[in-house]
1. Among Phe466, Phe445, which is open to solvent by 10 Å² or more (accessible area, probe 1.4 Å) and among the aromatic types (Phe, Trp, Tyr)?
2. Do we find that Ala444 is within 30 Å of Gly166 (Cα to Cα), over 24 Å from the mean Cα position of the chain (by Cα) and not in a helix (DSSP H, G or I) in this structure?
3. Across segment 195-216, which residue is farthest from Asp111 (Cα to Cα) among those that are in contact with a Lys or Arg (Cβ under 8 Å, 6 or more places away or on another chain) and open to solvent by 10 Å² or more (accessible area, probe 1.4 Å)?
4. Mind listing just one residue for me: the one in segment 365-407 that is open to solvent by 50 Å² or more (accessible area, probe 1.4 Å), modelled with pLDDT of 80 or more and not in a loop (DSSP other than H, G, I, E, B) and, of those, nearest to Pro216 (Cα to Cα)?
5. For Ala418, all conditions in the list (1) surrounded by fewer than 19 Cβ atoms within 10 Å (Cβ to Cβ); (2) among the hydrophobic types (A, V, I, L, M, F, W, C); (3) farther than 30 Å from Ala161 by Cβ hold save one; what is the number of the exception?
6. Every residue in segment 165-180 that is in a helix (DSSP H, G or I), farther than 21 Å from Ile383 by Cβ, open to solvent by 10 Å² or more (accessible area, probe 1.4 Å) and in contact with a strand residue (DSSP E or B) (Cβ under 9 Å, 6 or more places away or on another chain), please.
7. Where residues in segment 62-90 are of a type in the set (Val, Ile, Thr) and modelled with pLDDT of 95 or more, which of them is farthest from Val248 (Cα to Cα)?
8. Of all residues in segment 228-285, how many are in contact with an Asp or Glu (Cβ under 7 Å, 6 or more places away or on another chain), aliphatic (A, V, I, L, M) and part of a loop (DSSP other than H, G, I, E, B)?
Amino acid sequence: MLAPRRTILAYFVIALFLLNIYYLWRRVPQKFNLALLDRQSQLWQRLHPLLEEYGPGCPPPVLKGSPGTRRFDANNETPRSNYISNVDEIKIPMQTMHDGFVQAIRNIQLDPVYIPGTTGIVSSAGSTYLPTFLVTILLLRRAGSTLPVELFMKDRTEYEASICEGILPELGVKCLVLSDILGGQDNTIDGFQIKSFAMLFSSFENLLWLDADCAPLHDPAVILSSDPFKSVGMVTWPDFWANTAAPVYFSISRQPEPLSTARQATEAGMLLISKSTHFLTLVLASYYNYYGPDYYYTLLDQGAPGAGDKDTFLQAATALNETFYSVSESVTDVGNVTPWNSQVAINAGYIQADPTQDFSLTSKGKWRVKDSSVSKPPRAFFIHAGDPEFNPGKDLLGSKLKGFDGKPTRLWTYPPEAMRRLGYDAEKAFWEQTMFIACDLQPAFETWKSKERLCEDVEAHWRAVFEDPDMKTPEFTED
C-alpha cells in the first residue's frame, strides 16, 4: 500500500485540529468583520484617486538592451548600467509625480487596514495555481504551522466555491476576492500586481507573503517572532542576480544609487512585513505595481531575469527611508546533475535561508556572501518549487521528471550541500501531499475537470522513484 494511504487517519486528525483553529478564527465579532470591510473600502476610495492623479505623466521608458544574467558579486564593485533610451523624456515628469505621490501619502490620512495583534500568511492563486497552493498549504501544516492564511484571488472568475468553501476553510485558509474590495472601480490589477494589493488589504498586522509555489520547510511563526523581523519590521530574500535598477529610477525617487555590492536583487516569493511599521512602504510598492507593467518593472530591473514586482518592495522601503533587513545568504539552485558535467545541474527549484540564522551571522560581522569560509550556511527555510510546479494537472509529469536516460527521476538531488541544508526529504514530502490531493482528496478544481488519470500517473511516478530500492537518495542532514 502506498505511503500516503497509511497516513489518511493522520490527515483527518490534523484536519479536525485545524478546523478548531478555523472556528476560533471565525469567532471575531461580525461587527468587527463589517468594520474591516468598511476600512478596506475606505482605504481604496482614498488611495485610488491618488494613484490616478499621480500617474507617471509621460511615455513609458523604452528599453534598449538588457543587463543579461549577471549574478550578484558582493566583493567586486561594478558601475550601474543604463538601458533606458529615453531618460531625458521621462526623468522630470516621473520625478514630479513620484514626489507628489510620496508627499500625498505622508500628508493625507490613509488608515492602515489590519486587526491589531494578528499574524498570518498571505498569498494569491487562481486557475492552475490553485492546486499548487493547496500542496503548499498542506506542507505548511505538515511543518506544524497553525497560522491563519488569507488567499487573494483577482476576481470572481478565479473564485472556486467548492475549494474556497469546502476544502480550504478546514485548513485555516480564507479566500478573498480583490475585485470585491475594489468595488469594481479597477479591473486592471493582475498578475504580479496583485501581491502588493493583497498585502495592503490583508487583515493581518504582521504577515508572511508566500507565492503559491513557495513552501516553508519549518513553522514560519518562529521567524515572525524573532529578529531581524521583530526589530526592523520588514525582511526580504535575495535573487541570484545583481540589482539592475536603472540609474534614472534613483533620480526619480530621490535617493542615492546603492553600490552594486550592497545587496542582490530581490526574490519576492516570500516577504515578511509589519503593516504597523511599514504601511507606507506597501502603499508606495502598490504605486510601483499599479504602474508596473508599463513603467516601474522596466525601471527597476531593465529586463533582467524575473522582472516584475520583485524589487518594488525593497525599493519602496529605501525610497521612504524605512528600515528593512535583506537576507544576505545567497539563494541556492537545486536540481539534477547533467551526465556530461557532474558540476552542472538542471535547475528545478531554489532554496532560501533562515533569516534568523542569517541575522545571527551578519550581526557578528560574518558575511558568507563575501567569504563562505566564515561559517557554515544557515539552514534552508523555504523551497521555491517553480519548475515544474507541483500540480499534476499542469504537466507535472512531463519531461522535467524524466532523467537523461528517459526514466522517472527525482527533481532535487544536487548540490549535496544544499540537500543537507534541507534537513529532510522535502521532495518526498511534496509528492506525498500531491498524491494525497490527487488520489484521496480529489478536489474539484476547475482546471482538473478535463484531466484524466491524474492519480494513476502520480502513483506511477511515486512507485518508480520513491519505492525503487535502486534509486539513489541524497543525504538530507549534516554529518
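1. Phe466
2. Working: within 30 Å of Gly166 (Cα to Cα): yes; over 24 Å from the mean Cα position of the chain (by Cα): yes; not in a helix (DSSP H, G or I): yes.
Against the criterion (within 30 Å of Gly166 (Cα to Cα), over 24 Å from the mean Cα position of the chain (by Cα) and not in a helix (DSSP H, G or I)), Ala444 qualifies.
3. Within segment 195-216, the match that is farthest from Asp111 (Cα to Cα) is Asn206.
4. My answer is Ser372.
5. (1)
6. Let us first name the residues in segment 165-180 that are in a helix (DSSP H, G or I), namely 168-171, 178-180.
Filter once more, so that each one left must be farther than 21 Å from Ile383 by Cβ: 168-170, 178-180.
Next, only the ones that are open to solvent by 10 Å² or more (accessible area, probe 1.4 Å) stay: 169-170, 179-180.
The answer is Pro169, Ser179.
7. Val62
8. Residues in segment 228-285 being in contact with an Asp or Glu (Cβ under 7 Å, 6 or more places away or on another chain), aliphatic (A, V, I, L, M) and part of a loop (DSSP other than H, G, I, E, B): 3 in total.
The values are calculated or read from the model by the stated rules, or taken from the named source; none is laboratory data. If you're wondering where the values come from, they're calculated on a predicted model, not measured in any experiment. In this analysis, Cβ positions are derived from the backbone assuming ideal geometry, glycine residues included, and neighbour counts consider all displayed protein chains. For accessibility, only protein heavy atoms count, side chains too; no ligands or nucleic acids. Shrake-Rupley method; radii C 1.70, N 1.55, O 1.52, S 1.80 Å.
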